[in-house]
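A.B. asks: I'd like to ask you about the structure that follows.
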Amino acid sequence: MATILVINGPNLNMLGRREPEIYGSETLDDIIEGLIELADEYNVRLFDFQSNAEHEIVERIHQAMDDGTNYIIINPAAFTHTSVAIRDALATINVPFIEVHLSNVYKREAFRKHSYFSDIADGVIAGLGTKGYQLAFEAAIEKLEA
Ligand code: DQA
């Protein structure tokens, strides 16, 4: 069975309460529940991980080398703009990934325009809110089936 790992970075555990005018009112649990439904529908296994700590995300990515993960969907959150370590972890394991952002990072502060991930990602989705995770999940399934 194909396995997709969904990783969410710092402060995304606060979704629903965090700057709702930017990030919306849905919680991370709502997002994951929607993905679980898709996973059931398409008969894929879903692993879900959220951390506020850079090293925990690095370690979870390393684990993906041996736990059967075929594809990663990651919202690195603030680490998008800072983390060479998480980028290097993804390059190390050589599992394809899609980068997702709830907000359109290109129409916000200048520091959000640079990502350490986009040039090594299979694809990037930004600004579509929680729908972005669903689209990324469907794209991952299509790629795995191809
Ligand atoms: C984010 C955008 C980042 O710039 C920000 O630091 C986040 C969330 C998004 O999903 O829009 O925490 O990745």
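A.B. asks: Considering region 65-76 alone, what residues qualify as being touching a residue at least 24 places away in the same chain (Cβ under 8 Å) and surrounded by fewer than 20 Cβ atoms within 10 Å (Cβ to Cβ)? Break it down stepwise before answering.
C.D. replies: If we filter region 65-76 for residues that are touching a residue at least 24 places away in the same chain (Cβ under 8 Å), which is where we start, we get 65, 67-76.
Residues satisfying the conditions are Met65, Asp67, Gly68, Asn70.
A.B. asks: Residues to consider are Phe137, Phe79; find the one that is in contact with a Pro (Cβ under 8 Å, 6 or more places away or on another chain) and either part of a helix (DSSP H, G or I) or in contact (Cβ under 8 Å) with a residue 60 or more places away in the chain (or both).
C.D. replies: Details: Phe137 fails: in contact with a Pro (Cβ under 8 Å, 6 or more places away or on another chain).
Selected residue: Phe79, the only one of Phe137, Phe79 that is in contact with a Pro (Cβ under 8 Å, 6 or more places away or on another chain) and either part of a helix (DSSP H, G or I) or in contact (Cβ under 8 Å) with a residue 60 or more places away in the chain (or both).
A.B. asks: Now, a different point. Given the criterion more than 14 Å from the ligand (Cβ to nearest atom), hydroxyl-bearing (Ser, Thr, Tyr), in a helix (DSSP H, G or I) and more than 12 Å from the chain's Cα centre (by Cα), identify the matching residue among Thr69, Thr92.
C.D. replies: Details: Thr69 fails: in a helix (DSSP H, G or I).
Being more than 14 Å from the ligand (Cβ to nearest atom), hydroxyl-bearing (Ser, Thr, Tyr), in a helix (DSSP H, G or I) and more than 12 Å from the chain's Cα centre (by Cα) holds for just one of Thr69, Thr92, which is Thr92.
A.B. asks: Can you pull out every residue in region 4-27 that is under 19 Å from Tyr106 (Cα atoms) and either loosely packed, with under 15 Cβ neighbours inside 10 Å or more than 9 Å from the ligand (Cβ to nearest atom) (or both)?
C.D. replies: Glu19, Pro20, Glu21, Ile22, Gly24
A.B. asks: Can you pull out the residues in region 97-130 that are among the polar types (S, T, N, Q), surrounded by 16 or more Cβ atoms within 10 Å (Cβ to Cβ) and more than 8 Å from the ligand (Cβ to nearest atom)?
C.D. replies: Once the filter is applied, which keeps residues that are among the polar types (S, T, N, Q), surrounded by 16 or more Cβ atoms within 10 Å (Cβ to Cβ) and more than 8 Å from the ligand (Cβ to nearest atom), region 97-130 yields Ser115, Thr130.
Where a number appears in this text, it was derived from the coordinates with a stated rule and is not lab data. Owing to the predicted nature of the structure, the values given are computational and were not obtained by experimental measurement. Quick reminder, even Gly has a Cβ in these numbers, built from the backbone with ideal geometry, and neighbours come from all protein chains shown.
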